[in-house]
Amino acid sequence: MDHLSEAYPVSERRACQVTGQHRSTQRYQAKERLADEALLTRMAELVKERPRAGCRTITALLRDEGWRVNYKRVHRLWKQEGYKVPRKRRKKRAVGDASNACDKRSATHRNDVWTWDFIHDHTLNGKALKFLIIVDEYTRENLVLDVKRSIKGGDVLDTLSRLFGERGAPCHIRSDNGSEFIAGQVQDWVESLGVETLYIEPGAPWQNGYAEAFNSRLRDEFLEMNYFHSVQEAHMLANRWRDDYNNKRPHSSLKYMTPVEFARHCGPSGSASLRSAPPTDPQCGGIPALNDNKKLSFALDQTTGA
């Protein structure tokens, strides 16, 4: 209307008559409701207290507190502030069961069952580190110890693809119900290669005992013993520890052979008997017996305190 009055030499009354608009509407000035400020403050508090409550519930709560408001007013302020009830997230259906536990479906030969899991740590600046571990349950070899800031389903596929090319595909892979492991693309790709997935029962980490045992050793012998300044440093130290674990560290469940040494005892079938393990010395509590040169070196080390 102001535009018509400025563009043509007519009064406001004449312009309103031509356009059919009431002069009271033209002269109306919106008044700011001071009471809305207090109401908005209380609405914000209620929304924070009850994030799943909708506009109608908030209206009822306000009325119970003595506010003289109707639904339309609360709805207008609700839209003005952009409040929304978060969409419900459906829980993913668990795909595991107790029959896939390591004590019920144990590995019988090399490359029969691999187990994989994640373990978390952080660098000195507080940023997250995520370690992907893959272990052969029969030989106890640590096949993968990869570390990144974040590892998702696609990263897991890349690692598996490389490992399958180097070592061949296992018969089974055991894991928990982590999102990276139950992702559709991971399941489809693994099953397309004829690898059976063994998902343990949700909330039962003991059913994946080999992964938990390895994680415990990794935490105790490596993560708790080192500080990491960067991902690159963590990757370098992890590779060094993995090499020591596989090639130098005796494993009690393998008659104190190293995982790589035990793997060499596996015949064409991929299995080996622990009866063929090196003889043990009763005086050493079952530790493999040392030859004369090693005994002499051991005695000298104990004498010198090395």
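Brief remarks on what is shown
- Radius 11 Å from Cβ of Glu180, net charge of other residues (Lys, Arg +1; Asp, Glu -1): -1
- Cα-based shape type of region 98-272, given that a ≥ b ≥ c are square roots of the gyration tensor eigenvalues and the cut on a/c is 1.5: oblate
- Among Ile182, Ile134, sorting on how many other beta-carbon atoms sit within 10 Å of each Cβ, with the fewest leading, yields Ile182, Ile134.
- 19 Å Cα-Cα reach of Lys255 towards aspartates and glutamates, excluding residues that sit fewer than 8 places from it in its own chain: Asp136, Glu137, Glu141, Asp244, Asp281
- Enclosed volume per residue, in Å³, of the convex hull spanned by Cα atoms of region 32-89: 79 Å³
- 5 angstrom amide H check on Glu196, placed H, neighbours 5+ away: His172, Ile173
Throughout, read-outs are computed from the coordinates displayed, never taken from laboratory work. What you see is a predicted model; the values in this text were computed from it and never measured. Please note: Cβ atoms are built from the backbone with ideal geometry, for glycine as well, and neighbour counts cover all protein chains shown.
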